[in-house]
Amino acid sequence: MRRVVITGAGTVNALAHDVPGTLAAMRAGRCGIGPLDIADVDRLSVRIGGQVRGWDAAAHLDRAALSGADRFAQFALVAAAQAMRESGLAVGDGTDCGVVLGTAGGGLITQDDSYRAVYAEGKSRVHPLTVPKLMQNAGASHVSMAHGIRGPVFTVSTACASSNHAMGLAFQMIRAGALRAVLTGGSEAMLCFGGIKAWEGLRVMSARACRPFSRTRDGMVQGEGAAVFVFEEREAALARGARILAEVVGFAMTSDAGDLVAPSVDGAARAMAGALADAGLAPGEVGYINAHGTGTAANDRTEAAAIAQVFGAAAPPVSSTKAMHGHLIGGTGAVELLACLMALRDGILAPTIGHEEADPDFALDVVPNTARAARVEVALSNAFAFGGLNAVLALRRG
Amino acid sequence: MHMHLRDKVIAIIAEQAVLDVSDVTMDSTLQSLGIDSLGLVEAIFAIEEAFDISIPFNANDPAQSGFDMTSVAAIVHAVEGLVAQKAA
């Protein structure tokens, strides 16, 4: 079976508009969450988020892309360009390459703006490109056009697991020999009035801070942005002298078939165990887990129990970087994979910031508040979605 | 007025529990009525809409909400308070 490596990475998120800045912020334990700067924020009860600040799309995109790309697609385009630049991948005629991106909301801001225009402002027309801007596959399509990628191009939408499902499929297609390289990851831009208002209804959001695994946690905080990676067949990457950031060695996806929103220990545990089995790894070989760690009461308790079920008393360090960049929903697994790359390449575990006190319900080393040096050979990245869908990736030092 | 409020709250809870209103008493707990966390969130929404109030409930930490949602009597009492606050 072919092996799959990562040869490029790019990102835009609340911590920085590139990978070096994001990793520096993660090392420093910096928080990118702050007051939301969006229309009608005064009518929201949740007024904080991990917003991308100082976003100047015109500095990155040409006029055509600007007028036709929603914010979520802009993030994907910029992250993909960074990843391609780092990778140095030549796509040739593009037919043996693909793009697989995750998003949950697609062009949600385009929808929100359009509804405001026709319903609230009484206008009778919306932007002519409203449909191609809001479609879920817009990000993947823009990326394919920007880089001449003409093989399989599609979007995966599985709520908070979208990015991990996308990257897992990219991994499987290369491993199976169907493709040479895939631009994969995810993006999300849900920080608009309608996006937050919908989440408020579930009553799982914190109005104060995201504090994963802390006894004092009181909910999730949304973020936005994108991360995109170049996944590439290992022999081809080595032959062209590409720099290997990490190897993707396993992937598993499971479904709870239980509750629409409540997570399950069994589904999460089967996904982690499945990713290890897919990679032919024993639990003891894992040196770091990037948790889904949303900071809700239910997720963190369930995830901790699932980790205990798979790893027993010897669980490796676990951290959730959502306290820094927020929960990017469909883009979250992609941004969080950066923390796995940092652990594998740089030997630095990103901290779980905002941690006030241990939760007596579980005994996990959550790397509280301060980054830590550690040699990590294998890392797992967890994503668990509403709808009971779980997707876990396993990575090894490249 | 207060009978009316109580009946309205009970009707909302009964509908959420898929029970007849006669099966919901002031002593009933949400657990005994089989209402899970998602059902509770839906019931809160219906109560907020019915009385035009905002209930400060966070599912992550129900005890910290300052709003007791464990029994029908507690919910009725809390809604009475919020309705009175709105009138004041």
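The values are calculated or read from the model by the stated rules, or taken from the named source; none is laboratory data. Everything numeric here is computed off the predicted structure, so don't read it as measured data. All Cβ positions, glycine included, derive from the backbone under ideal geometry; neighbour counts span all protein chains shown. Protein only, heavy atoms only, side chains kept; ligands, DNA and RNA dropped before computing areas. Shrake-Rupley method; radii C 1.70, N 1.55, O 1.52, S 1.80 Å.
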On alpha-carbon atoms, Rg over Rh for the stretch A:4-239 using Kirkwood Rh? 0.99
Find the all-direction average of the projected area of the Cα convex hull for the protein assembly as shown, expressing the result in square nanometres with one decimal place. 23.9
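In peptide A:259-267, what is the residue-averaged number of other protein chain Cβ atoms found within 10 Å of each Cβ? Numbers along the way, then the final one.
Values: counts 3, 1, 5, 3, 0, 0, 0, 0, 0.
That average works out to 1.
Can you give me the accessible area per residue for the stretch B:2-87, using a 1.4 Å probe, in Å²?
Values: 4690 Å² over 86 residues.
Accessible surface, normalised per residue, equals 54 Å².
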Spacing of the two label points (7 Å from each Cα toward its C-beta) at A:ALA257 and A:ARG63, in nm: 5.6
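Using only the Cα atoms of the stretch A:250-396, build the gyration tensor, take square roots of its eigenvalues as a ≥ b ≥ c, and label the shape rounded, prolate or oblate: rounded if a/c is under 1.5, else prolate if a/b is larger than b/c, else oblate. Could the numbers behind the result be given before it?
Working: a/c = 1.37, a/b = 1.13, b/c = 1.21.
Rounded, since a/c falls under 1.5.
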How far apart, in nanometres, would the label points at A:TYR115 and B:LYS8 be if each is projected 7 angstrom from Cα along the Cα-to-Cβ direction? 2.6
Scan around A:VAL156 for amide H atoms under 5 Å from its own, H built in the peptide plane at 1.01 Å from N, and keep only partners 5 or more places away or cross-chain. A:LEU101, A:GLY102, A:THR103
So which DSSP H runs in chain B come out at 18 Å plus along the axis (Cα) with average Kyte-Doolittle of at least 1.0? B:37-51, B:72-87
Note to self: with every protein chain in place and a 1.4 Å probe, chain A gives an accessible area per residue in Å² of 35
Residue by residue through the stretch A:271-277, what is 3J(HN,Hα) from phi via Karplus (6.51 cos²θ - 1.76 cosθ + 1.60, θ = phi - 60°)? Round to whole Hz and write x for glycine and proline. 5, 5, 4, x, 5, 5, 5
Buried solvent-accessible surface, both chains (A, B), 1.4 Å probe, Å² to nearest 100: 900
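Set the Förster radius R0 to 35 Å, insert the Cβ-Cβ distance between B:VAL18 and A:ALA39 as r into 1/(1 + (r/R0)^6), and round the FRET efficiency to 0.05. Mind dumping the intermediate values first?
Working: r = 39 Å, r/R0 = 1.12.
Result of the calculation: an efficiency of 0.35.
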Ordered by packing density, taken as the mean number of other Cβ atoms within 10 Å over each peptide's residues, highest first, how do A:319-330, A:230-241 rank? A:319-330, A:230-241
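How many Cβ atoms of partner chains, on average, are near each residue of A:202-209 if near means within 10 Å of its Cβ? Numbers along the way, then the final one.
Numbers: counts 4, 13, 5, 3, 3, 2, 0, 0.
That average works out to 4.
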